[in-house]
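Structure, as structure tokens:
The values are calculated or read from the model by the stated rules, or taken from the named source; none is laboratory data. Just so you know, these numbers come straight off a predicted model, no measurement behind them. No Cβ is skipped: glycine too gets one built from the backbone with ideal geometry, and neighbour counts run over all protein chains shown.
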Amino acid sequence: MEINPQDRESLFNRMVALRRRLHQYPEPSFREIRTAEIIAAELERLGIEFRSGVGGTGIVAEIRKGGGATVAIRADMDGLPIEEETGLDFASRNPGMMHACGHDGHMAMAVGAAAILKDAEVGGSFRFIFQPAEEGGGGAGVMVKQGALEGVDVIIGGHIDITGECGEISAADGLICAWADEFSIEISGNGGHAARPHEAPDPVVAAAALVTGLQSLVSRGADPLRPCVISIGEIKAGTAPNVIAGRAVIRGTIRSTDSETRKKLINGVKRVADATAVMFEVKTETVMKQGYPPVVNDPRIIRTVRKVIERRPEDYRLRQPGPPSLGGEDFSFYLERRPGCFLRIGARPPVAEPAPPHSPGFDFDEKALMPGALLFARAAAELAETEGGTRQAAAGDRR
């Protein structure tokens, strides 16, 4: 799949302009209204058929070439509730919202891949899933329920990775993202005067002990060779400095990479909460919320994608995969139903210490947009051919 230098430069400039426009208008999960309008306008300009309003604000676009398999490319759309502090000329214009995880880049890459495939002489069909609410809303599950995967044989996706240089692609097989479960623990007492602590069990003291106790589940109770972590992200209690609070709430997440550890940690959280209640004479109520399943790449699909990468060293190169991420990713909902893979696309910005994802200073190198778009387009075309052949062979066997 060749692209002449002039067309490549034009496409790159359009992707940069699209990414910057999207970056200026980040929107919360399931409220990506303007984002969807911007994507729809780009698809209309390219003459690509699409459906809006899937999963609320999602878009499903289609390019049909004939023959071969149908390959889907997914891009997430939502921003994060973070006040941007990058100082970029195209920084967020929506107060308290920011594209702090690269979703603006993912959308630009997907549109770029669509532009490449629209004019390419390849077989197969290609679906582009612009999905709302990846950041905790489980938008992928909603898209699946509303038919985004109907007729799809394979799905691919990816995420910008600022630990990798531009052009470096990590294509690991097996588990690459963790289970991400959430929990909340409510601790309740009677409340009382701060000068008379003997009259009222103190939920704040109990909460402090509980936070410390929960950490021992990982440090002393989990196999150190199996990555996992418990993080407390929220503590709420009290209304005044001279009042013993009547209630405290702790909320956190459990990240795990195997089912045995996951079960042990979930049970451990409940056990530590119950023990804390006895120790401090308070009441505790623990609520567990099942989060995103793990992302598990299909080895067969990954082998094909690696071959695509190795053929084009001038555009991208394989990066040695690291250990599984403990981050959650709802791309897992697609992989539960279709074979596919999730890639890491190097995009380290040219600064000494890049700001991490989900932080006010996050940014990435826009030069990564071209390798990402080219890889998505070429991998999709290759998979449409190879998986189409696999499907025909299977049909022949059945006959």
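Just the residues that are surrounded by fewer than 24 Cβ atoms within 10 Å (Cβ to Cβ), over 19 Å from Ser125 (Cα atoms) and either out of contact with any Asp or Glu (no Cβ under 9 Å at 6 or more places or on another chain) or not assigned by TED's automatic domain parsing to the domain that holds Ala113 (or both), please, taken from the range 53-68.
Gly53, Val54
From the list Gly147, Gly112, Gly141, Gly105, which one is part of a loop (DSSP other than H, G, I, E, B), among the small types (Gly, Ala, Ser) and assigned by TED's automatic domain parsing to the domain that holds Ala373? Quick ask: steps written out before the conclusion?
Values: Gly112 fails: part of a loop (DSSP other than H, G, I, E, B); Gly141 fails: part of a loop (DSSP other than H, G, I, E, B); Gly105 fails: part of a loop (DSSP other than H, G, I, E, B).
That would be Gly147, the only listed residue that is part of a loop (DSSP other than H, G, I, E, B), among the small types (Gly, Ala, Ser) and assigned by TED's automatic domain parsing to the domain that holds Ala373.
Could you tell me which residue of the range 181-202 is surrounded by the most Cβ atoms within 10 Å (Cβ to Cβ), considering only residues that are assigned to a strand (DSSP E or B) and either among the acidic types (Asp, Glu) or not assigned by TED's automatic domain parsing to the domain that holds Thr239 (or both)?
In this case the residue turns out to be Asp181.
Pairs, please: C-beta under 8 Å, at least 6 apart or cross-chain, first residue farther than 24 Å from Arg262 by Cβ and loosely packed, with under 15 Cβ neighbours inside 10 Å and in the range 293-322, second modelled with pLDDT of 95 or more and among the small types (Gly, Ala, Ser)?
Going by the 8 Å Cβ cut-off, the qualifying pairs are Leu318/Ser170; Leu318/Ala171; Gln320/Ser170.
Looking for something assigned by TED's automatic domain parsing to the domain that holds Glu83, touching a residue at least 40 places away in the same chain (Cβ under 8 Å), crowded, with 16+ Cβ neighbours inside 10 Å and touching a Ser or Thr at 6+ places or on another chain (Cβ under 9 Å) - is there at least one such residue anywhere in the range 5-15?
Looking through the range 5-15, none of the residues is assigned by TED's automatic domain parsing to the domain that holds Glu83, touching a residue at least 40 places away in the same chain (Cβ under 8 Å), crowded, with 16+ Cβ neighbours inside 10 Å and touching a Ser or Thr at 6+ places or on another chain (Cβ under 9 Å).
Which condition number does Gln290 fail, the rest of (1) under 23 Å from the mean Cα position of the chain (by Cα); (2) part of a loop (DSSP other than H, G, I, E, B); (3) not hydrophobic (A, V, I, L, M, F, W, C) being met?
Among (1) under 23 Å from the mean Cα position of the chain (by Cα); (2) part of a loop (DSSP other than H, G, I, E, B); (3) not hydrophobic (A, V, I, L, M, F, W, C), the lone unmet condition for Gln290 is (2).
Could you please give the count of residues in the range 154-174 that are surrounded by 18 or more Cβ atoms within 10 Å (Cβ to Cβ) and either in the same structural domain as Glu260 (by TED's automatic domain parsing) or not aliphatic (A, V, I, L, M) (or both)?
So the answer is 9.
Could you say whether any residue in the range 255-269 is part of a strand (DSSP E or B), at pLDDT 95 or above and either closer than 17 Å to Trp179 by Cβ or in contact with a Lys or Arg (Cβ under 8 Å, 6 or more places away or on another chain) (or both)?
yes
Which count do you get for residues in the range 217-254 that are free of Cβ contacts under 8 Å to residues at least 12 places away in the same chain and not in a loop (DSSP other than H, G, I, E, B)?
1
Are any of the residues in the range 69-83 on the phi > 0 side of the Ramachandran plot, in a loop (DSSP other than H, G, I, E, B) and surrounded by fewer than 24 Cβ atoms within 10 Å (Cβ to Cβ)?
First, the residues of the range 69-83 that are on the phi > 0 side of the Ramachandran plot: none.
Among the residues of the range 69-83, not one is on the phi > 0 side of the Ramachandran plot, in a loop (DSSP other than H, G, I, E, B) and surrounded by fewer than 24 Cβ atoms within 10 Å (Cβ to Cβ), which makes the answer no.
Please indicate, with yes or no, whether at least one residue in the range 162-175 is of a type in the set (D, E, K, R), over 25 Å from the mean Cα position of the chain (by Cα), outside any strand (DSSP E or B) and at pLDDT below 95.
No, there is no match, as no residue in the range 162-175 is of a type in the set (D, E, K, R), over 25 Å from the mean Cα position of the chain (by Cα), outside any strand (DSSP E or B) and at pLDDT below 95.
Going by the structure shown, is Glu62 in a loop (DSSP other than H, G, I, E, B) and over 17 Å from the mean Cα position of the chain (by Cα)?
no
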